[in-house]
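> Here you go, one structure.
The values are calculated or read from the model by the stated rules, or taken from the named source; none is laboratory data. Note that the structure is predicted; figures quoted are calculated from it, not measured. Reconstructed Cβ throughout: ideal geometry from the backbone, glycine too, with neighbour counts over all protein chains shown. Accessible surface areas use protein heavy atoms only, side chains included; no ligands, DNA or RNA. Shrake-Rupley method; radii C 1.70, N 1.55, O 1.52, S 1.80 Å.
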Amino acid sequence: MQDTIVALATPPGEGGLAVIRISGPRSLEIARAFFHRADRRSLDAVKSHRACFGEIRDADGTCIDEAVFTFFQGPKSYTAEDVVELAVHGGVFVSAKVLELAQAKGARLAGPGEFTRRAFVNGRLDLSQAEAVSDIISAASDQALKTAVSQLKGALSEKLNELFQDALQLLSQLEAAIDFPEDDLKLAHSDEILKSAEALIERLHRLAATYDQGKIIHEGARVILAGKPNAGKSSLLNALLQEDRAIVTPYSGTTRDLLEERARINNIHVNLIDSAGLRENPEEIEKIGIERARAALADADLILLVFDGSQALDDNDRLLMQTVAGKQSLLLINKNDLTQELDAEALQTELKKAPLFLSAATGEGLDALRQAIYDHCAPQLKESIIITRKRHQEGLELAAQALERAAESVRNQLSEEFTAVDVHIALDHLGAIVGKNFSDDLLDLIFGQFCIGK
Ligand code: GDP
């Protein structure tokens, strides 16, 4: 039998309310020990999904707080077990006391995500829906929230289940083929199997490919500021954030490490990264920063190439241009408030893109820059159902690869039994995404990223 767990469901600290959640077969019995209804009626008579008012008393009968008590009888609860929620006044001490009282009666403090893990284990949510719960909590834009809610409601699960069923269908086609004794019938049947496999592979790839956009929705686009030292990267970052977070100094090479800030630009979530200035013959200590900058440039969704308009192009600028050749970038000419020495036309011809002239100092051109970042980074959703997690993308790709091997076996007229092995592997990968098959390690990994009390 499952034990009964307890945790603070609201963030720790002072607030208007604190909610303590208890889940498990003994939740009502445990709460009964310290919650007393104001109308003096017994908690045994409490109806599911109804709130009642009362007080919390400690072991010697002293009232520690007033509280609203709600009972959710399983399976109609978040975890599908009996759940009690106690809303108390939001003090740190009061909630700690209630946790202690519940523990004294045998409840165990819940680990991160343990309530949601139970919801999964008890079959109320599949694994992709459980992950969506954590995505709703961490959503930083409208689109992120919308996608997570649709996943929680089961849109993605439905699509994954369809794919799973179609892979099962493929397996039964293979099994039927084993019974065809005549070669020509067998051949016609192989053609059909191959068609089904190819169609399924195509759909798996298509769903896996939505991760490119899904990742941006879930994690935010990665936009990196790159340029030689003193071009004005930190100043631009600050101007975009409208806050003084990076340290700005008039000396070269001070942003040695990477600084990442989360920004919202026209309602999308963007991670702005300030890189170490790239320059030739850097001092030893700068080298690490420059190496990190190069690595960050490699996986950026967009690079903001910052040039200093008040200086002629030099070797450091050229180094930057070589480093980012062929990558998605915007050409920014900063320090537009100073006398211009940079040959912008030559730069435009060389980089084949129109420059944005701006000044981090006066704010000129920043709105145009925000719009340009938005135009590049706003997810272009072509599919209505998208995936937002690497785990799902990998599962889909591995399933597709297994089916490609199966298709190859059919083309080579290998035995159906042999082909079926790969279809089974594809089924395993698809099943793992929604949690049809799972290991405790996988659950630890997924739910370990949740907050305690969720
Ligand atoms: P980084 O090394 O590329 O991060 O450059 P910083 O942001 O630290 O800027 C270097 C120097 O240029 C600082 O003294 C800034 O105040 C100055 N600066 C940055 N942007 C502008 C600008 O648009 N106009 C002027 N006049 N000075 C700027």
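> Whole number please: convex hull volume per residue of the Cα set in the chain, in Å³? Walk me through the numbers on the way to the answer.
Details: hull volume 93.2 nm³, N = 454.
So the per-residue Cα hull volume is 205 Å³.
> So which aspartates and glutamates can Lys195 reach, going by Cα to Cα under 18 Å and dropping same-chain residues fewer than 8 places off?
Glu162, Asp166, Glu175, Asp184, Glu404, Glu408, Glu416, Asp422
> On to the next question. If we count every other residue with Cβ under 14 angstrom of Ala148's Cβ, Lys/Arg +1 and Asp/Glu -1, where does the sum land? Mind dumping the intermediate values first?
Working: positive: Lys146, Lys153, Lys215, Arg389, Lys454; negative: Glu131, Asp135, Asp142, Glu219.
Counting the neighbours of Ala148, the net charge comes to +1.
> Calculate, for Glu162 and Glu345, the FRET efficiency according to 1/(1 + (r/R0)^6) with r their C-beta to C-beta distance and R0 56 Å; round to the nearest 0.05.
Details: r = 55 Å, r/R0 = 0.98.
Efficiency at R0 = 56 Å is approximately 0.55.
> Please compute the length gained on full extension between Glu291 and Lys353, using 0.36 nm multiplied by the number of residues separating them and subtracting their Cα-Cα distance. Don't skip to the answer; put the middle values down first.
Values: separation 62, 0.36 × 62 = 22.32 nm, distance 2.65 nm.
Length gained, Glu291 through Lys353: 19.7 nm.
> Which lysines does Lys454 reach when only Cα atoms under 27 Å apart count, and residues fewer than 8 places away in its own chain are ignored?
Within the straight-line cut-off, Lys454 pairs with Lys47, Lys76, Lys97, Lys105, Lys146, Lys153, Lys159, Lys215, Lys390, Lys436.
> Assign unit charges at the C-beta atoms only (+1 for Lys and Arg, -1 for Asp and Glu), then state the dipole size of the stretch 5-126 relative to its Cα centre in Debye, rounded to the nearest 20. Before the final figure, lay out each step's value.
Details: 16 positive and 15 negative charges, 80 e Å.
Dipole of the stretch 5-126, to the nearest 20 debye: 380 debye.
> Rounded to the nearest 0.05, what FRET efficiency do His205 and His89 have when you use their Cβ-Cβ distance and R0 = 60 Å? The partial results should precede the final answer.
Values: r = 54 Å, r/R0 = 0.90.
According to the calculation, E is roughly 0.65.
> Work through the residues other than His424 whose Cβ is under 12 Å from its Cβ and net out their charges, Lys, Arg +1 and Asp, Glu -1. Mind showing how you got there, number by number?
Working: positive: Arg405; negative: Glu175, Glu417, Asp422, Asp428.
Summing Lys/Arg as +1 and Asp/Glu as -1 gives -3.
> What does the helix-only formula give at 222 nm for the chain: each DSSP H stretch with n ≥ 4 adding -39500 (n - 2.57), the total divided by the residues, and the result rounded to the nearest 500 deg cm²/dmol?
Value at 222 nm, helices only, nearest 500: -15000 deg cm²/dmol.
> Further, regarding this structure: Using a 1.4 Å probe, what is the accessible area per residue for the chain, in Å²?
Details: 22200 Å² over 454 residues.
Value for the chain: 49 Å² per residue.
> Under a Cβ-Cβ cut-off of 11 Å, what is the net charge of the residues other than Lys76 that fall near it, where Lys and Arg count +1 and Asp and Glu count -1?
Working: positive: Arg124; negative: Glu81, Asp82.
Combined, the nearby Lys, Arg, Asp and Glu give -1.
> Something else: For the stretch 1-104, which GluC sites (Glu not before Pro) pass both filters: DSSP loop (anything but H, G, I, E, B) and at most 15 other C-beta atoms within 10 Å? Provide the component values of the computation, followed by the final result.
Values: sites: Glu14, Glu29, Glu55, Glu66, Glu81, Glu85, Glu100; in loops: Glu14, Glu81.
For GluC sites (Glu not before Pro) across the stretch 1-104 that sit outside H, G, I, E and B with at most 15 neighbouring Cβ atoms in 10 Å, the list reads Glu14.
> Mind ordering 222-231, 152-161 by average Cβ neighbours within 10 Å, highest first?
On the way: 222-231: 24.1, 152-161: 18.7.
For the peptides 222-231, 152-161, the packing ranking is 222-231, 152-161.
> Grab every C-alpha pair in the stretch 1-102, bin the distances at 10 angstrom width from 0 up to the longest one, and report whole percents.
Result, from short to long distances: 16, 52, 29, 2 percent.
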